[in-house]
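Heads up: the structure comes next, in structure tokens.
The values are calculated or read from the model by the stated rules, or taken from the named source; none is laboratory data. Since this is a predicted model, take the numbers as computed values, not measurements. In this analysis, Cβ positions are derived from the backbone assuming ideal geometry, glycine residues included, and neighbour counts consider all displayed protein chains. Please note that ligands, DNA and RNA were not included when accessible areas were found on the heavy atoms of the full protein model with its side chains. Shrake-Rupley method; radii C 1.70, N 1.55, O 1.52, S 1.80 Å.
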Amino acid sequence: MEATLNKGYEPHEVEKKWYTFWENNGLFNASETGDGSDYAIVIPPPNVTGVLHMGHSLNITLQDILCRYRRLRGDNVLWMPGTDHAGIATQNVVERDLSAHGIDRHQLGREKFIEKVWEWRKTYGSAIINQLKKLGASCDWRRERFTMDEGLSRAVKKVFVQLYEEGLIYRGNYIINWCPRCMTALADLEVEHEAVDGHLYHIRYPLVGGGDGPVVATTRPETMLGDTAVAVNPTDSRYTYLAGKEVDLPLTSRRIPVIADAYVDMEFGTGVLKITPAHDPNDFEVGRKHDLESVKVIGDDGIMTPDAGKYAGLDRFDCRKAVLKDLEAQGLLVKVESYNHGVGHCYRCHTVVEPNLSKQWFVKTGPLAEKAMAAVKNGQTKIIPEKWANDYFVWLENIRDWCISRQIWWGHQVPAWTCGGCGEVIVAENLPGVCPVCGSANLVQDPDVLDTWFSSALWPFTTMGWPDNTPLLKTFYPTSVLVTGFDILFFWVARMMMMGLHFMKSVPFSDVYIHALVRDESGKKMSKSTGNVIDPLTVIEKYGTDSLRFTLTAFAAQGRDIKLSEKRIEGYRNFINKLWNAARFSFMHIHEEDATSDFSGLSLPDRWILDRLKTVTRDTAGALDTYRFNDAAGALYQFVWHEFCDWYLEFIKPALYGNKGAGEQASSKKVLWRVLHDPLILLHPITPFVTEEIWHTLPGTEGSIMKAAFPSDASEFKEMALDPAAVTEMSLIMAVINSIRNIRGEMNISPSRVLSVLIQSLDDPTKNILTENQEFIINLARLEELRIETVGEKPKGTATAIVDQAVVSVFLKGIIDFGAEAGRLEKEISKIDVEIDKLNRKLSNPGFVNQAPAPVVEKTKDQFAENVEKKEKLAVNLKRIQSIQSE
RNA sequence: AGGCGCGUAGCUCAGUUGGCAGAGCGCUACCUCGACACGGUAGAAGUCGUUGGUUCAAGUCCAAUCGCGCCUACCA
């Protein structure tokens with residue numbers, strides 16, 4: 001009895017079953033000692049607070065394809081999984097949780113709060129991991145890491161201390177981006193600039209001792225309370241009279257100097273710039289240069305400080321209104337212009353970021369960035385697609401020092417202590433016993449924690465056990481490829497390059513594959529607030545994981561974003577079902593003894609499909625080797641549906657049912673087995689579940705498909721030659737069948753009606769091929785009679801098609817009226833006319849004939865001749881039809 | 001302000017070195033023919049954004065231009 005499958009593919013049970021099977025049998029496990037062909041990917045650690053979205057789905061699918069593919073090619077594959085602790089995001093989530101119970105983290109205290117975060121992580125932290133598993137991710141889960149793990153934390157401290165000792169980490173008072181809601185500093189990258197329609201306010205600062213005084217232009221009038229100078233360009237003749245003067249700072253009792261600095265752009269605004277060193281990065285620089293005081297008028301909470309005088313206690317935006325009102329009352333608000341400018345927002349909570357003077361820790365990025373650039377320039381790391389390399393260079397060239405301290409509780413606490421006795425700062429991996437300077441035991445650790453990206457930057461080697469020199473590191477570092485979206489090219493990729501090169505003395509990965517962003521069907525970024533998200537878990541529920549994976553793969557063309565809609569997923573679900581049914585059909589015929597590549601007595605379709613199989617195998621491997629995922633998916637789709645199902649299965653049905661003798665039946669079954677067996681393996685990286693399920697019903701297989709050898713590595717494949725003759729012959733047969741089907745369709749002849757056909761050809765090879773394979777034509781074109789002749793009487797009452805060297809005549813007498821056939825022929829002829837005209841114009845161009853390569857000219861001439869001949873034959877037939885009509 | 005990308009069938013997109021414009025979905029007509037209606041067969045459908053240039057030949061290379069999207073940036 002043959003094996004059977006359900007009528008339709010039902011993914012859910014299958015997915016659960018095989019995922020468990022794979023995991024339980026250790027099929028995702030990497031061997032840490034390695035075997036020379038080792039392949040490693042570290043996962044971009046999803047945020048522990050995250051919920052699986054389409055971006056993850058694409059990212060994970062592509063990595064999984066690579067890992068499964070490399071395993072099939074025989075590599076020892078490590079896919080290192082884990083999550084990062086997402087400092088600000090996680091703290092926000094837990095704080096929100098607490099505040100729902102009316103608790104503020106400060107009431108709780110730091111230690112208790114961190115306990116709460118760990119509790120939260122225990123409860124919810126595995127959610128995202130389970131979702132990755134639903135996608136089929138074949139990570140080596142035994143090795144799962146978390147950036148706050150003991151081991152990784154130790155690495156973070158070691159890195160911090162070493163960089164500090166090397167002078168690459170320093171602490172200082174600088175203007176940083178401050179989020180007044182998260183109450184922490186942010187790195188430049190963590191600020192999202194958005195164009196905002198604001199105003200440019202022109203404000204007069206009266207001259208001390210009388211006189212109108214200069215007019216400054218600003219978008220943030222509230223900061224004027226912290227002005228400590230007014231600056232003009234020294235070459236600006238309009239303002240030379242101001243040199244050395246002072247102005248009264250309106251709304252305050254302070255007098256501030258007018259200074260001259262070339263930094264001031266004479267073209268912008270009024271050419272007079274107010275200087276607020278505590279609240280603007282440029283002003284800060286100018287202030288340093290001119291030794292100006294910094295007056296901080298906006299507090300860390302966004303509330304005006306006592307230095308803001310009567311405005312103290314106001315929210316920064318209310319203060320702006322109040323200041324404007326007062327200026328206007330005093331007649332000092334000269335002009336208000338509409339002005340569109342970029343305003344920074346916190347990337348976590350979207351609050352307007354305040355540039356703020358603050359004491360923070362920084363990484364000196366210059367020397368690190370140099371090496372990170374060089375490694376890509378000299379090809380140690382390849383960025384794919386290449387165009388992203390440019391962005392990478394530009395960003396690194398303009399990189400500024402990286403502010404790494406955050407004023408939150410959840411994260412790696414800065415390993416620095418201040419001595420209460422003498423004020424000495426001690427940076428060390430562990431709490432020092434006493435101050436090395438004064439011997440005091442009163443040491444207080446810096447309360448700040450490090451940027452989450454600081455620990456993520458170490459991910460490729462800390463997950464493998466660094467700073468210990470583990471076998472894992474020896475085997476798998478540098479990793480083979482990093483797969484990620486361009487949105488974290490700077491956040492993460494560039495920083496991993498810097499840290500990897502510095503601490504491991506070699507790049508963290510040989511390739512960086514940058515994939516698309518998934519957008520909604522109208523091209524917008526999917527976001528919860530716009531409500532246009534397609535939830536991958538819902539999709540999986542509805543269509544199955546393989547459908548989602550195949551869809552994402554098919555659309556993952558390099559360099560273009562993916563616009564996703566459910567319609568597309570449905571289309572590829574149909575493909576999965578098609579594959580399923582092809583297998584179901586095959587299982588009605590093939591048995592254990594067919595599981596062999598010992599072929600003999602192959603029919604033309606057998607030879608043809610083996611040629612196609614070899615081609616699709618080569619193409620799939622070639623595409624996956626070069627990250628052309630969509631090409632792999634496309635080639636397999638085309639092969640399975642259109643070559644295997646549409647043609648091959650239909651061709652061999654008579655043989656399978658034994659209508660063509662035992663010999664052909666036996667050989668077709670063997671070929672069928674092979675042509676089902678190999679594509680399952682080719683498809684497995686993209687659609688792991690359905691292929692595994694079919695695999696277990698396929699005769700002649702044992703164990704998991706994950707353990708199969710990739711077809712191009714199998715000896716049968718290497719022995720299998722391409723068969724161009726079979727391809728040529730088959731295309732003739734298929735063209736003849738198509739031409740008859742076309743007549744049937746165009747003439748509206750019912751599919752159930754069998755037809756009589758006469759094929760005439762003067763070309764012996766053509767005639768022989770058709771004669772040898774006439775049963776295929778009879779079958780697929782649904783004929784009751786097929787005659788093949790050299791030449792003979794001109795048949796009457798037929799519809800005609802020209803295929804290569806053959807004239808195909810379908811007898812229509814008594815079936816349809818000939819007006820329809822006349823119309824069809826006219827249409828056909830006018831199509832050919834267009835073609836002939838095009839070719840003729842080419843050939844009558846002396847430039848083309850003389851200068852184009854000979855083969856191209858020859859080809860064009862042949863095509864021209866063919867078309868002319870075809871047209872003549874059709875014209876003869878048209879005449880004959882017309883004469884029948886007039887009879 | 002600078003940089004990058006995209007404009008190809010009604011829709012979504014392929015198109016690697018220049019050499020006859022492709023796919024999926026949708027649409028139209030017909031079809032229970034022993035895997036599949038999540039299916040089959042056939043069909044209609046495009047001035048490759050626009051303009052110019054290079055070339056025998058341009059969707060493809062160059063220049064300009066229009067439209068859209070994104071990224072980077074300390075011009076108040």
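Nearest 0.05, what FRET efficiency do A:Asp307 and A:Asn29 give at R0 = 60 Å with Cβ-Cβ as r?
The pair A:Asp307/A:Asn29 has a calculated efficiency of 0.45.
When averaged across all projection directions, what area in nm² does the alpha-carbon convex hull of the range A:563-722 cover?
Across all orientations, the range A:563-722 yields a mean hull projection of 9.3 nm².
How much mean residue ellipticity at 222 nm does chain A get from its helices, if each DSSP H run of length 4 or more adds -39500 (n - 2.57) and you divide by all residues, to the nearest 500 deg cm²/dmol?
-13500 deg cm²/dmol
Given Cα pairs under 8 Å that are at least 6 residues apart, what percent is the relative contact order of the range A:200-295?
30
Residue-wise, which Karplus ³J(HN,Hα) couplings in Hz belong to the range A:61-71, taking 6.51 cos²θ - 1.76 cosθ + 1.60, θ = phi - 60°, and x for glycine or proline?
4, 5, 5, 5, 4, 4, 5, 5, 4, 5, 5
Could you pull out the trypsin sites (Lys or Arg not before Pro) across the range A:416-505 that fall in loop regions by DSSP (anything but H, G, I, E, B) with no more than 10 other Cβ atoms inside 10 Å?
Counting only loop positions with at most 10 other Cβ atoms within 10 Å, the trypsin sites (Lys or Arg not before Pro) in the range A:416-505 are A:Lys505.
Among DSSP bridges having both ends in chain A, what percentage is antiparallel? Round to the nearest 5.
About 70 percent, rounded to the nearest 5.
Quote the relative contact order of the range A:267-393 in percent (integer), defining contacts as alpha-carbon pairs under 8 Å separated by 6+ residues.
16
Report, in degrees rounded to the nearest 10, the 0 to 90 angle that the Cα long axis of helix A:854-886 makes with the longest principal axis of chain A.
Approximately 60 degrees, to the nearest ten.
Counting each pair of different Cα atoms once, what's the Kirkwood radius of chain A in Å, rounded to one decimal?
Result for chain A, one decimal place: 33.4 Å.
So, counting K/R as plus one and D/E as minus one, what does the shell of residues with Cβ under 15 Å around A:Leu602 add up to?
Computed value for this residue: -3.
Give me a comma-separated list of calculated 3J(HN,Hα) values for the range A:756-764, in order, Karplus coefficients 6.51, -1.76, 1.60 applied at θ = phi - 60°, integers in Hz, x for any Gly or Pro.
10, 9, 10, 10, 10, 8, 8, 8, 4
Mind checking the angle between helix A:150-165 and chain A's longest principal axis? C-alpha axes, 0 to 90 degrees, to the nearest 10.
60
Can you compute the FRET efficiency between A:Lys861 and A:Glu785 using 1/(1 + (r/R0)^6), with r the Cβ-Cβ distance and R0 = 45 Å? Round to the nearest 0.05.
Computed FRET efficiency for A:Lys861 and A:Glu785: 0.75.
Give me the distance between the Cα centres of the range A:455-475 and the range A:329-390, rounded to whole Å.
Centre-to-centre (Cα) distance: 29 Å.
Have a look at A:Gly661, A:Pro679, A:Met464 and report the one farthest towards the positive end of the charge dipole of chain A, computed about the Cα centre with Cβ charges (Lys/Arg +1, Asp/Glu -1).
A:Gly661
State the percentage of accessible surface on the range A:184-355 attributable to carbon and sulfur atoms; use a 1.4 Å probe and exclude ligands, DNA and RNA.
49
Need the list of lysines near A:Lys325 for cross-linking: C-alpha distance under 16 angstrom, and skip anything on the same chain fewer than eight residues off.
A:Lys310, A:Lys335
How do A:582-588, A:7-13, A:851-857 rank on mean C-beta neighbours within 10 Å, highest first?
A:582-588, A:7-13, A:851-857
Tell me the relative contact order for chain A as a rounded percent, counting alpha carbon contacts under 8 Å between residues six or more apart.
So the answer I get is 12 percent.
Starting from the amide H of A:Phe509, placed 1.01 Å from N in the peptide plane, find each other amide H under 5 Å away whose residue is 5 or more places distant or on another chain.
A:Thr479
Given labels modelled 7 Å from the Cα in the Cβ direction, how far is it in nm from A:Ala243 to A:Glu541?
Once both label points are built, they end up 7.6 nm from each other.
With the cut-off at 1.5 for a/c, could you classify the range A:184-355 from its C-alpha gyration tensor as rounded, prolate or oblate?
Prolate is the answer for the range A:184-355, as a/c is 1.5 or above and a/b outweighs b/c.
Between 0 and 90 degrees, rounded to the nearest ten: what's the tilt of helix A:87-100 against the longest Cα principal axis of chain A?
Taking Cα atoms only, the helix is inclined about 80 degrees.
Between A:Leu517 and A:Ser844, what is the label-to-label distance in nm when each label sits 7 Å out along the Cα-to-Cβ direction?
In this crude label model, A:Leu517 to A:Ser844 measures out at 5.3 nm.
Highest mean first, what order results for A:210-220, A:258-268, A:460-470 on Cβ atoms within 10 Å?
Highest to lowest by the protection proxy: A:460-470, A:210-220, A:258-268.
When the distances between all Cα atoms of the range A:727-886 are binned every 10 Å from zero, what whole-number percent does each bin get?
Using 10 Å bins, I get a P(r) of 10, 36, 33, 15, 5, 0 for the range A:727-886.
Rounded to the nearest whole Å², what accessible area per residue is found for chain A with the 1.4 Å probe?
Each residue of chain A exposes 43 Å² on average to a 1.4 Å probe.
Any of A:Lys7/A:Lys567; A:Lys767/A:Lys827; A:Lys796/A:Lys870; A:Lys796/A:Lys859; A:Lys578/A:Lys831; A:Lys542/A:Lys669 with alpha carbons more than 26 Å apart? Name them for me.
As for pairs spanning more than 26 Å Cα to Cα, those are A:Lys767/A:Lys827; A:Lys796/A:Lys859; A:Lys578/A:Lys831; A:Lys542/A:Lys669.
Given the range A:765-827, what whole percent of its Cα pairs are spread farther than 21 Å?
The proportion of pairs with Cα distances above 21 Å equals 28 percent.
Excluding residues on the same chain fewer than 8 positions from A:Lys377, give the aspartates and glutamates whose Cα lies under 14 Å from its Cα.
Qualifying aspartates and glutamates at Cα under 14 Å: A:Glu386, A:Asp391, A:Glu397, A:Asp511.
Need one number: nm distance between label points at A:Ser565 and A:Ser830, each 7 Å from Cα along Cα→Cβ, rounded to one decimal.
For the pair A:Ser565/A:Ser830, the computed spacing is 3.3 nm.
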